[in-house]
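The values are calculated or read from the model by the stated rules, or taken from the named source; none is laboratory data. All values reported here derive from a predicted model rather than from experimental measurement. Ideal geometry is used to build each Cβ from the backbone, glycine not excepted, and the neighbour counts take in all protein chains shown.
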Amino acid sequence: MALEKSLETGDGQEKVRKQTAVYVYEAPLRLWHWVTALSIVVLGVTGYFIGAPLPTMPGEAMDNYLMGYIRFAHFAAGYVLAIGFVGRVYWAFVGNHHARELFLVPVHRKAWWKELWHEVRWYLFLEKVPKKYIGHNPLGQLAMFCFFVVGAVFMSVTGFALYAEGLGQGSWADRLFGWVIPLFGQSQDVHTWHHLGMWYLIVFVMIHVYLAVREDIVSRQSLISTMVGGWRMFKDDRPD
């Protein structure tokens, strides 16, 4: 499928003039997206119960290992999130240029800020006509970096610091993340910030899902199906 596009804005976003479809998200990136989404759901649910445990069950502890399974699921999902994030950083180097949008936010470009303001007005229902974008729009790009990238790094660092307490001194987690707890002051402080970070990501997920569904309906290009099949489909041939 042919695609005519212009890069004259200089903001790293391809502005579409006449189009049918374009391949945007490669398979490893799409796989990472959905695996990460699942791991965040598991981390959120299990993390909530770790912070607010279930009532004590009657009988011997060996017969009631529910919290143990919850903790195991939390730790496993944490490994998946962290390893997946490292793989996502790697793919930013070897994938197409859309794979780098998550990490490279062109805040130094005037045109980018202009289009960011347009997107803010569009999401607030103050603009009647949305623009077309092949990759992330400026507001989505900024939100993904500030909420997800920063949030995922923070949660991974504080999470593995707490995990190191269970593994003990001298463990790999203690050698890599043992500095975190003294930095925050004490273990409970790290627990508190880690718990707040969970809500930070939950709020992001809620907004992200709402906007993804909204844009899939009212914008001029596909959104959810693009993260499934990789192809960005456009709803009209009118210029941007």
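Remarks
- Scanning the range 98-111 for residues that are free of Cβ contacts under 8 Å to residues at least 24 places away in the same chain, over 14 Å from the mean Cα position of the chain (by Cα) and not in a loop (DSSP other than H, G, I, E, B) yields one hit, K110.
- In the range 16-45, the residues that are touching a strand residue (DSSP E or B) at 6+ places or on another chain (Cβ under 9 Å) and at pLDDT 50 or above: Q19, T20, A21, V22, Y23, V24, Y25
- Failed item in (1) out of contact with any Gly (no Cβ under 9 Å at 6 or more places or on another chain); (2) of a type in the set (A, V, I, L, M); (3) surrounded by 16 or more Cβ atoms within 10 Å (Cβ to Cβ); (4) more than 24 Å from W231 (Cα to Cα), with M144 passing the rest: (4)
- Which listed residue is β-branched (V, I, T) and over 30 Å from Y25 (Cα atoms), from V180, V157: V180
- Filter result (closer than 28 Å to E26 by Cα and not in a helix (DSSP H, G or I)) within the range 112-147: P130, K131, K132, Y133, I134, G135, H136, N137
- Residues in the range 45-61 that are part of a helix (DSSP H, G or I) and more than 22 Å from the chain's Cα centre (by Cα): 4 in all.
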